[in-house]
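Taken together, the values in this text are just the output of simple stated rules run on the coordinates, not laboratory data. Note that the coordinates shown come from a computational prediction; the quantities given were computed from them, not determined experimentally. For neighbour counting, all protein chains shown are included, and Cβ atoms are generated from backbone atoms with ideal geometry for every residue, glycine included.
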Amino acid sequence: MLEIRIHGRGGQGNVVAAYLLATAAFEVKRYGQAFPNFGAERRGAPVVAFVRIDDKPIKRRNQVNSPTFLIVQDQALLHVPGVLDGLQNSGRVLVNSTLNSADLSREMGRELVALPASSLAKDILGKPVPNTALLAGFLALTGILPVDALNQALSHRFKGDVLQRNLRLIEEAAHYVPHNQWKIA
């Protein structure tokens, strides 16, 4: 079972990202589970969402404490205590950042991959909402699900121009990261 923790701030689409990733798993006949954890419901407040993906039914219902992957939707959250807690030794981190991956990795003392998700989203969607771009980058890095499964998940949530712009964003974001760099057997 793959366990993913997504850190972001209210208004960045953190919870939507988790549900989209779980829905993408369903699209390829896998099992997915997604749920959020947040305190005060306000824009800018820290939000954590959890995702599990497996080939068999998922019976675990607790928070993801030891994730294989972290997706961080706001680079500033890397300096908030607890964000990197529990990440497996071989765990990987994808961060929404305009810094290059090597500089960010040096700053944090661990390997990270940076993706300018907010910038891409602002250019294509007109809003700096990083969730869709980060999911596309994550799927390209890991290969755990085909990017087309994310396209299908989005088609259940959006229609028309909004869907088309998100599909374009997915295509652009997937090209910003090395494909299958984090591939799991």
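Farthest toward the positive end of the dipole of the chain, out of Gly82, Ala149, Phe35, is the Cα of Phe35, where the dipole comes from beta carbon charges about the Cα centre. Membrane-span-like helices in the chain, defined here as complete DSSP H runs extending at least 30 Å along the helix axis by their C-alpha atoms with mean Kyte-Doolittle hydropathy no lower than 1.6, are absent; this is a sequence and geometry rule, not a statement about a membrane. When the GluC sites (Glu not before Pro) in segment 1-103 are filtered for DSSP coil states and for at most 10 other beta-carbon atoms within 10 Å of their beta-carbon, the remaining sites are Glu41. Taking 0.36 nm per residue of separation and subtracting the current Cα-Cα distance, fully stretching the chain between Asp85 and Lys29 would add 17.1 nm. Computed extension gain for Glu107 through Ala76, at 0.36 nm per residue and net of the alpha carbon distance, reaches 9.9 nm.
If you average the alpha carbon positions of segment 1-17 and of segment 34-111, how far apart do those two centres end up, in angstrom? So the two Cα centres are separated by 7 Å. The length gained by stretching the chain between Asp161 and Arg60 to full extension, at 0.36 nm per residue less their Cα-Cα distance, is 32.6 nm.
For Lys56, a cut-off of 17 angstrom between C-alpha atoms picks up these lysines, skipping any fewer than 8 places away in its own chain: Lys29.
Within the set (i) 53, 29, 27; (ii) 88, 47, 30; (iii) 42, 39, 37, the number that Cα extents along the principal axes in Å takes when calculated for this structure is listed as (iii).
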